[in-house]
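Peer 1: Structure provided below as structure tokens; questions to follow.
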Amino acid sequence: MFKKLLVIATMSMGLSAMAADELDIQALGGHDPVAYQTEGKAIRGDGFILSKHNGLTYLFTSKDHKATFDKSPEKYVPQFGGWCAFGMSVGKKFHADPEAFVVHEGKLYVNVNQDILKKFKAELTGNIKKADSNWPKLREKEESSL
């Protein structure tokens, strides 16, 4: 009996590892993109409920969130490819903290940390305009080249 339990446990761990290995790049650090708008907070998704969009893998807290995302992913993906929105406003690409975010006019903006988020929000409209202007020029550039 113990051997059967050990085999089942080992198989379960192997499946979990396999599911994680199959993920390309986890967008938003594995946080559910729909939850930002429906729950107003960053919530980690389940590694077994996922969708791929534009080469990134998004995790969800529920099948309902996955279905919502799949219907219109552009409504839920972070702006600027998930790069720091304030960084984009100053012409730089910085990795963002998925918990340093703001949803404005139905769009998700993530930032490098809480302090930068405060700066971004202090002049939100202006920073979004600058970031929108910079994004087409920076989209394909490597972060190390900026």
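Derivation of every value follows stated rules applied to the coordinates shown; laboratory data play no part. Not measured: the values here are computed from a predicted model. FYI the Cβ positions are ideal-geometry reconstructions off the backbone, even for glycines, and counts take in every protein chain you see.
Peer 1: Set the Förster radius R0 to 25 Å, insert the Cβ-Cβ distance between Arg139 and Val103 as r into 1/(1 + (r/R0)^6), and round the FRET efficiency to 0.05. Spell out each step's value before the answer.
Peer 2: Working: r = 22 Å, r/R0 = 0.87.
E(calc), rounded to 0.05, equals 0.70.
Peer 1: Follow-up question, since we're still on this one. Can you work out the Karplus-derived ³J(HN,Hα) for every residue in the range 128-136? Use 6.51 cos²θ - 1.76 cosθ + 1.60 with θ = phi - 60°, whole Hz, and x for glycine or proline.
Peer 2: So the J values, rounded to whole Hz, are 5, 4, 5, 5, 4, 5, 6, 3, x.
Peer 1: Under 18 Å Cα-Cα from Lys130, which aspartates and glutamates qualify once same-chain neighbours fewer than 8 residues away are excluded?
Peer 2: Straight-line reach from Lys130, under 18 Å: Glu105, Glu140, Glu143.
Peer 1: Counting Lys +1, Arg +1, Asp -1, Glu -1, what net charge surrounds Glu105 among other residues with beta carbon under 15 Å of its beta carbon? Before the final figure, lay out the partial values.
Peer 2: Values: positive: Lys75, Lys107, Lys121, Lys129; negative: Glu74, Asp132.
Every neighbour counted, the sum reads +2.
Peer 1: Cβ under 14 Å from Ser145's Cβ, Ser145 left aside: what net charge do those residues give with Lys, Arg +1 and Asp, Glu -1? It would help to have the intermediate numbers written out before the result.
Peer 2: Working: positive: Lys92, Lys93, Lys137, Arg139, Lys141; negative: Glu140, Glu142, Glu143.
Its environment carries a net charge of +2.
Peer 1: Something else about it: Amide H to amide H, which residues 5 or more places from Ala100 or on other chains are under 5 Å from it, using H placed in the peptide plane?
Peer 2: HN-HN under 5 Å from Ala100: Asn111.
Peer 1: Here's something else I'd like to know. Pulled fully out, how much extra length does the chain show between Glu39 and Lys75, if you take 0.36 nm times their separation in residues and subtract their Cα-Cα distance?
Peer 2: Numbers: separation 36, 0.36 × 36 = 12.96 nm, distance 1.50 nm.
Between Glu39 and Lys75, full extension yields an extra 11.5 nm.
Peer 1: Report, in listed order, any pair from Lys41/Lys121; Lys66/Lys93; Lys71/Lys137 with a Cα-Cα distance greater than 18 Å.
Peer 2: Lys66/Lys93; Lys71/Lys137
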